[in-house]
Amino acid sequence: MKRLGLIQITSAAPEYAEAIQDAIEANGGDAKIVSAPQHPGLCLFTEGLVERAPAERDYLALQAALQSYGDVHAVMLNRAAADALHDIGGLSGLCRSIRIERSDKQVFALSFHDTHSIHEDARNIVRALSLPRDDYTLTQRGVCRDVPSEEVSPPPTSASLPGTPVWLVSGGARGVTADCTIELARRTGGSFILLGRSDVTSWPSWLEPETDLKALRGALARNKSHPDVPPTPKEIDRYARKLLAGAEITSTLNAIEAVGARARYVQVDIGNQVGLRAEIDRLVTEEGTITGLIHGAGVLSDGLVDQLDLNSFETVFAPKVTGLETILSCLDLQALTHIGLFSSASAVFGNQGQANYAAANTWLNNVAVQLAATMPATQVKAFCWGPWHGGMVDDALARMFAERGIGLITRPEGARIFADQLLNAPHDQVRFVVGDEWGDV
Ligand SMILES: NC(=O)c1ccc[n+]([C@@H]2O[C@H](COP(=O)([O-])OP(=O)(O)OC[C@H]3O[C@@H](n4cnc5c(N)ncnc54)[C@H](OP(=O)(O)O)[C@@H]3O)[C@@H](O)[C@H]2O)c1
């Protein structure tokens with residue numbers, strides 16, 4: 001312990017800081033509690049343990065990491081498992097993203113499973129401090145490098161579901177979650193309730209069908225004398241997007257019905273806890289107990305780490321984190337046979353411009369592991385997708401991935417992998433990286 005020199009501990013979470021200082025001193029080391037690191041060497045940051053909402057906590061951790069000097073070896077503490085999902089962090093994805101963007105920073109995550117005793121947590125943390133610089137997770141079984149990836153392999157058998165499933169799918173009417181949902185409907189039948197914010201604006205009978213935004217804007221502009229068409233280019237753009245969203249939702253509903261399942265769409269913002277709770281209560285009354293949950297809703301708010309503000313974290317965390325917390329709190333968890341979470345390879349490898357998104361998806365991965373451990377009768381899978389050919393990957397992002405030599409997942413292939421692994425992969429395979437790897441994890 002002495003060879004680590006004077007260890008600094010930030011005071012953001014004072015109870016943890018004091019317990020860690022005691023544990024270091026009990027091991028013969030020297031420790032000092034500071035508001036921010038004052039000299040080079042090892043510094044344990046407790047910002048990831050403060051009692052705040054996950055978005056705010058991870059944002060505070062980012063700010064603290066950015067303010068530390070390059071010769072500080074920063075270890076960002078956070079929980080990988082805890083009774084309240086709210087207390088779980090996403091700092092390994094965040095730290096990897098910081099290291100990609102800022103090679104001058106020595107920032108690593110040390111994530112631990114909450115033991116219900118701050119002093120025991122502190123002792124476990126201190127035992128891990130002599131390890132080589134890397135991201136680690138401390139579990140009840142010991143310490144492991146944080147490499148959350150299972151091989152995607154063809155599952156050997158095809159399990160059948162008991163009874164007729166009722167699936168709740170956030171984000172399932174649009175984007176790549178829609179492809180996965182249609183494939184799932186083909187395999188399992190049953191009922192599908194799809195949640196999304198967009199309304200279903202019906203396609204005007206006078207307008208030719210069109211799926212391309214630019215072409216649709218052009219068609220609307222050419223018909224600007226029509227009373228349906230708004231006057232300004234900005235409003236035309238908004239109207240075109242609404243039409244495309246409505247058409248995509250309708251097409252998903254039709255595709256699910258065409259493979260023999262039932263489908264309905266519910267317009268709700270899943271980041272709005274009150275509205276979502278009311279909707280889910282109503283849906284359970286109308287459709288019966290939910291037996292399967294797919295959580296695909298997500299948005300981006302990209303920016304380099306120096307530019308990301310709290311608002312960008314809250315934007316990304318609202319559907320991914322708050323949305324899932326609220327959904328799980330409304331459902332009868334015992335009745336769930338399957339939970340499929342749409343995460344991202346950014347959580348595993350980090351990604352330039354996506355530290356907030358990597359953190360939110362790391363939270364999702366941590367939650368998946370915890371749910372799988374506490375719900376042995378439920379298939380829980382987190383899909384750490386690489387980029388797809390579609391959804392939130394627009395042409396500019398697709399070009400960026402191509403320049404980096406990262407292939408795109410095709411929509412039929414992604415949907416097949418999703419249904420295969422969700423329905424049939426062994427219970428203990430929880431987190432999958434799907435697509436090309438781009439990091440050195
Ligand atoms: N596409 C990829 O390459 C890729 C890669 C890695 C991970 N993922 C993950 O896969 C999931 C789907 O991504 P995508 O590419 O299909 O994105 P997308 O095309 O932008 O679709 C996102 C979906 O989420 C819904 N959504 C977003 N915020 C919501 C909210 N607050 N409440 C309700 N619904 C909401 C959207 O519907 P409305 O807009 O109508 O609300 C839409 O259905 C995301 O979680 C994403 O992080 C995608």
Practice prompt. Just round it to a whole percent: the fraction of Cα-Cα distances in the range 2-145 exceeding 24 Å.
Written response: 20
Practice prompt. Quantify how much of the Cα-Cα distance distribution of the range 240-309 extends past 21 Å, in percent.
Written response: 47
Discussion item. Among A355, N424, W388, whose Cα projects farthest towards the positive end of the dipole of the chain, with charges put on the beta-carbon of Lys, Arg (+1) and Asp, Glu (-1)?
Written reply: W388
Worksheet item: What's log10 of I(q)/I(0) for the chain at q = 0.06, 0.09, 0.14 Å⁻¹, Debye sum over Cα points only, no solvent?
Response: -0.28, -0.60, -1.27
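Determine the gain in length on full extension of the stretch R241-E15; use 0.36 nm per residue of separation and subtract their C-alpha separation, reporting nm with one decimal.
Numbers: separation 226, 0.36 × 226 = 81.36 nm, distance 4.99 nm.
Roughly 76.4 nm would be gained on extension.
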Discussion item. Please give the Cα centre distance for the range 66-80 versus the range 172-220, rounded to the nearest Å.
Written reply: 43
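Longest span of the chain, sites excluded, free of GluC sites (Glu not before Pro) in DSSP loop with at most 11 other C-beta atoms within 10 Å?
Working: sites that count: E51, E151.
By the stated rule (loop sites, at most 11 other Cβ atoms within 10 Å), 152-441.
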Item to complete: First select every other residue whose beta carbon is under 11 angstrom from the beta carbon of G5; then total the charges, Lys and Arg +1, Asp and Glu -1.
Response: +2
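Rounded to the nearest 20 debye, what is the charge dipole size of the range 156-269 about its Cα centre when +1 sits on each Lys and Arg Cβ and -1 on each Asp and Glu Cβ? Intermediate results must be reported in sequence, preceding the final value.
Values: 14 positive and 12 negative charges, 28 e Å.
Computed charge dipole of the range 156-269: roughly 140 debye.
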Discussion item. Please report, ordered by residue number, every helix of the chain (full DSSP H runs) that is 27 Å or longer along its axis going by C-alpha atoms and whose mean Kyte-Doolittle hydropathy reaches -1.0.
Written reply: 233-258, 355-374
Practice prompt. Identify which of N361, N223, N351 has the largest mean-square fluctuation in a Gaussian network model of the chain, with springs joining Cα atoms closer than 10 Å.
Written response: N223
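Where does the chain land at 222 nm, in deg cm²/dmol rounded to the nearest 500, when only DSSP H runs of n ≥ 4 count, each adding -39500 (n - 2.57), divided by all residues? Mind showing how you got there, number by number?
Working: 14 runs with 177 residues, N = 441.
Computed ellipticity for the chain at 222 nm equals -12500 deg cm²/dmol.
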Worksheet item: How long is the gain from V259 to A26 if the chain were fully straight, where each residue apart is worth 0.36 nm and the alpha carbon distance is subtracted?
Response: 77.4 nm
Worksheet item: Any idea what the dipole of the range 294-441 comes to, in debye rounded to 20, about its Cα centre with Lys/Arg Cβ at +1 and Asp/Glu Cβ at -1?
Response: 340
Worksheet item: Which whole-number percent is the relative contact order of the chain (Cα, under 8 Å, 6+ apart)?
Response: 17
Discussion item. Please return the longest range in the chain lying between exposed loop sites, taking chymotrypsin sites (Phe, Trp or Tyr not before Pro), DSSP loop only, at most 15 other beta-carbon atoms within 10 Å, and leaving the sites out.
Written reply: 207-441
Response to the item:
Quarter of the surface of the C-alpha convex hull for the range 168-218, i.e. direction-averaged projected area in nm², equals 4.8
Discussion item. Over the Cα atoms, compute the radius of gyration (one decimal) and Dmax (the largest Cα-Cα distance, rounded to a whole number) for the range 312-441, in Å.
Written reply: 15.0, 46
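Where both residues lie in the chain, what percent of DSSP beta bridges are antiparallel, nearest 5?
Values: 4 of 61 bridges.
Antiparallel bridges: around 5 percent, rounded to the nearest 5.
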Worksheet item: Put a dot 7 Å past each Cα toward the Cβ at T289 and M392; how far apart are the dots in nm?
Response: 3.3
Item to complete: Taking 7 Å along the Cα-to-C-beta vector as the label spot, tell me the H39-L304 distance in nanometres, rounded to one decimal.
Response: 3.3
Item to complete: Provide the gained length on full extension for the span D212 to S329, in nm with one decimal, where the gain is 0.36 nm per separating residue minus the Cα-Cα distance.
Response: 38.3 nm
Worksheet entry | the range 292-338 - Rg (one decimal) and Dmax (whole number), Cα, Å | 14.0, 44
Item to complete: Could you pull out which residues in the range 241-264 have an amide N less than 15 Å from a spot 7 Å beyond the Cα of A221, following the Cα-Cβ vector?
Response: 241
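Can you give the FRET efficiency for R141 and R282, using 1/(1 + (r/R0)^6), R0 = 41 Å, r = Cβ-Cβ distance, to the nearest 0.05? Mind dumping the intermediate values first?
Working: r = 42 Å, r/R0 = 1.03.
Taking R0 as 41 Å, the efficiency between R141 and R282 is 0.45.
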Worksheet item: What is the spin-label model distance, in nm, from V266 to K2 if the labels are put 7 Å beyond Cα along the C-beta direction?
Response: 6.4
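Trypsin sites (Lys or Arg not before Pro), restricted to the range 218-305: which are DSSP loop and have at most 13 other Cβ atoms within 10 Å? Before the final figure, lay out each step's value.
On the way: sites: R222, K224, K234, R238, R241, K242, R262, R264, R277, R282; in loops: K224.
Here the sparse-neighbourhood loop sites are K224.
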Discussion item. So for the range 2-145, averaging the separation of alpha carbon pairs under 8 Å that are six or more residues apart and normalising by length, what relative contact order in percent results?
Written reply: 21
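Computed from the coordinates by the stated procedures, all read-outs in this text should not be read as laboratory data. Since this is a predicted model, take the numbers as computed values, not measurements. Positions of Cβ are backbone-derived with ideal geometry, glycine not excepted, and every protein chain shown enters the neighbour counts.
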